[in-house]
1. Residues being within 12 Å of ALA122 (Cβ to Cβ) and out of contact with any helix residue (DSSP H, G or I) (no Cβ under 8 Å at 6 or more places or on another chain): count how many of those fall in region 63-90.
2. Go over the candidates ARG139, ARG93 one by one and state the one that is out of contact with any Lys or Arg (no Cβ under 9 Å at 6 or more places or on another chain), surrounded by 12 or more Cβ atoms within 10 Å (Cβ to Cβ) and free of Cβ contacts under 8 Å to residues at least 40 places away in the same chain.
3. Between THR74, THR127, which is open to solvent by less than 40 Å² (accessible area, probe 1.4 Å) and modelled with pLDDT under 95?
4. Can you tell me which residues in region 36-60 are farther than 14 Å from SER84 by Cα, modelled with pLDDT of 75 or more and either touching a strand residue (DSSP E or B) at 6+ places or on another chain (Cβ under 8 Å) or not acidic (Asp, Glu) (or both)?
5. Return the total of residues in region 166-183 being under 11 Å from the mean Cα position of the chain (by Cα) and not in a strand (DSSP E or B).
6. Considering VAL86, VAL113, VAL159, which residue is surrounded by fewer than 17 Cβ atoms within 10 Å (Cβ to Cβ) and aliphatic (A, V, I, L, M)?
7. Within region 83-108, how many residues are under 17 Å from GLU66 (Cβ atoms) and of a type in the set (A, V, I, L, M)?
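The values are calculated or read from the model by the stated rules, or taken from the named source; none is laboratory data. Here the structure is a predicted model, which is why all the values come from computation and not from measurement. Cβ: placed from backbone, ideal geometry, glycine included. Neighbour counts: every protein chain shown. Remember, those area values only see protein heavy atoms, side chains included, never the ligands or the DNA or RNA. Shrake-Rupley method; radii C 1.70, N 1.55, O 1.52, S 1.80 Å.
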Amino acid sequence: EQHSFGERSATNLALKLDLAPYYFESGHEFNNQHPTPRDRLAAMAGIRPIPLITAEQASRWSELVESFDPDDATTFLLTEKLVSPVAFAMELRDNSMFSEFRPADQVIIDPAVIPAPGDYVAAANGTEPAIFRKYRPRRLDAEGRVVYELSALNDDYPVLSSDVQPLLLIGTMVEQRRFRKGP
């Protein structure tokens, strides 16, 4: 016998874990309205296009994902990795995660992957653009929610704590891309 988890249960669980409400959702494919032969070939090869979005868009991804309509200016990263339909990519802009991550590195973030201790995550910090940090669960609060820290690898940046400021996990990094700097 098979049981469905249900959208409401998934949303409630995500909120209880202090995750974005859409964290466990799936089924929102980024379909191109007019697939090209190259798109069809990529799909047959198991390659999936992942939209490269800004940190501002990433911080509001739960609002944007259902209505996201890529245009001709949208850049996509291609991956063979199995990722959820709500996965996205973002480019790192600061040196908060130096030396493991550098400005201009691109990371693929999957909102459907629950972070484990030590994973790297994208998170919303109020109305600021999304940040990229190391996830460190610390304890459970009185309501049973995970209290966690988001730490930068660069000591010049502060450690953020979910019990001190409003943080919302957007997703977990599943892939990193680094390109050689030009001359």
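1. Final tally of qualifying residues: 2.
2. Working: ARG139 fails: surrounded by 12 or more Cβ atoms within 10 Å (Cβ to Cβ).
Testing whether each residue is out of contact with any Lys or Arg (no Cβ under 9 Å at 6 or more places or on another chain), surrounded by 12 or more Cβ atoms within 10 Å (Cβ to Cβ) and free of Cβ contacts under 8 Å to residues at least 40 places away in the same chain leaves just ARG93.
3. Details: THR127 fails: open to solvent by less than 40 Å² (accessible area, probe 1.4 Å).
Of THR74, THR127, the one residue that is open to solvent by less than 40 Å² (accessible area, probe 1.4 Å) and modelled with pLDDT under 95 is THR74.
4. First pass over region 36-60, keeping only residues farther than 14 Å from SER84 by Cα: 36-45, 52-60.
If we keep only those that are modelled with pLDDT of 75 or more as well, we get 52-60.
Once the filter is applied, which keeps residues that are farther than 14 Å from SER84 by Cα, modelled with pLDDT of 75 or more and either touching a strand residue (DSSP E or B) at 6+ places or on another chain (Cβ under 8 Å) or not acidic (Asp, Glu) (or both), region 36-60 yields LEU52, ILE53, THR54, ALA55, GLN57, ALA58, SER59, ARG60.
5. Looking only at that region, the number is 0.
6. On the way: VAL86 fails: surrounded by fewer than 17 Cβ atoms within 10 Å (Cβ to Cβ); VAL113 fails: surrounded by fewer than 17 Cβ atoms within 10 Å (Cβ to Cβ).
None of the other options fit; the residue is VAL159.
7. Of the residues in region 83-108, the ones under 17 Å from GLU66 (Cβ atoms) are 84-88.
Going one step further and asking which of them are of a type in the set (A, V, I, L, M), we end up with 86-87.
Looking only at that region, the number is 2.
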